[in-house]
1. Which label belongs to the value computed from this structure, given these candidates for semi-axes √(5λ) of the Cα gyration tensor in Å: [x] 25, 19, 17; [y] 51, 24, 13; [z] 31, 21, 15?
2. Given H placed 1.01 Å from N in the peptide plane, which residues other than close sequence neighbours of Asn198 have an amide H under 5 Å from its amide H?
3. Using θ = phi - 60° and the Karplus curve 6.51 cos²θ - 1.76 cosθ + 1.60, what whole-Hz ³J(HN,Hα) does each residue of the stretch 156-169 get, with Gly and Pro shown as x?
4. Under 5 Å between amide hydrogens, which residues at least 5 positions from Leu60 or on another chain qualify, with H placed 1.01 Å from N in the peptide plane?
5. Can you give the local net charge around Ala40? Use residues other than it whose beta-carbon is closer than 12 angstrom to its beta-carbon, Lys and Arg +1, Asp and Glu -1.
6. What does the charge dipole of the stretch 51-142 about its Cα centre add up to, to the nearest 20 debye, if the Cβ of each Lys and Arg holds +1 and the Cβ of each Asp and Glu holds -1?
7. Counting only residues 5 or more places away or on other chains, whose amide H sits under 5 Å from the amide H of Phe74 once H atoms are built in the peptide plane?
8. Quick check on the chain: of the DSSP beta bridges with both residues there, what percent are antiparallel, nearest 5%?
Amino acid sequence: MLIGNRPCRIYGEPHAEYLLLQMTGEHELQSMESEVTAIAQSAHHFLFAAVPVESWNDALSPWKSPAVWGKQGFGGKAAETLCFLTEQVIPSLKQRFDLPENVKIILGGYSLAGLFALWASTQTDLFYGIAAASPSVWFPGWMEYEQQHPIQAQRVYLSLGDKEERTKNAVMAAVGDNIRTLHSRLAERGADCTLEWNSGGHFKDADLRTAKAFRWTMEEHT
């Protein structure tokens, strides 16, 4: 389905109680089917939209930052991406698929898209839940920013691969401590949150890890 000239892939069913949104890069599209199949193991009715971004590093970064590895820096255009979601994607999906007015919206994603989901929840209370799989919480300035602008979603899933913090890259090595701190912060504020450790590094089973994130965020926890 074209939304504002972007080809969004839609899965699931109309009139669903949950609307799942994921910002995706080219590199993720071939594993989308397996991810959605894994999400569908949940008993809940959902509509899932994979929303493509053109420049991953620019569209999903909350502010400009120099390159951390390789040569490509970060353009800091997350605000434009969030605007596109709230003003075009969500209204279009609600209308086209006859979603209830109070549909529970879960924003999720992997890596930088996971960070984008967390950041988006500091900007608005629109999101019922955030499904952040291996999010880039090493991003320069993120932890300080979140302290000043707390995540507003009441349900937050965090995960990380157990080898991700064992990197020679000093900036990215902070990912482990940062995600532990973030999880503690959310718990202290009374959010329904979890931190799950997956085996392996950053590039292992991204589709299944993301599916797990969405599934957890839909389930009821007591």
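Every read-out reported here was derived from the displayed coordinates using simple, explicitly stated rules and does not represent laboratory data. The structure displayed is predicted, hence computed values, not measured ones. A quick note on method: Cβ atoms are made from the backbone with ideal geometry, for glycine too, and the neighbour counts reach across all protein chains shown.
1. Structure-derived value, by its label: [x].
2. Correct list: Leu160, Gly161, Asp162.
3. 9, 9, 10, 9, 7, x, 5, 9, 5, 7, 8, 10, 6, 6
4. Those qualifying (amide H under 5 Å, at least 5 residues apart or on another chain) are Lys77.
5. On the way: positive: Arg215; negative: Glu13, Glu33, Glu35.
Local net charge: -2.
6. Numbers: 6 positive and 7 negative charges, 44 e Å.
Computed charge dipole of the stretch 51-142: roughly 220 debye.
7. Distant-sequence amide H within range of Phe74: Ser65, Ala67.
8. Working: 8 of 37 bridges.
Once the DSSP bridges in the chain are tallied, antiparallel ones form about 20 percent.
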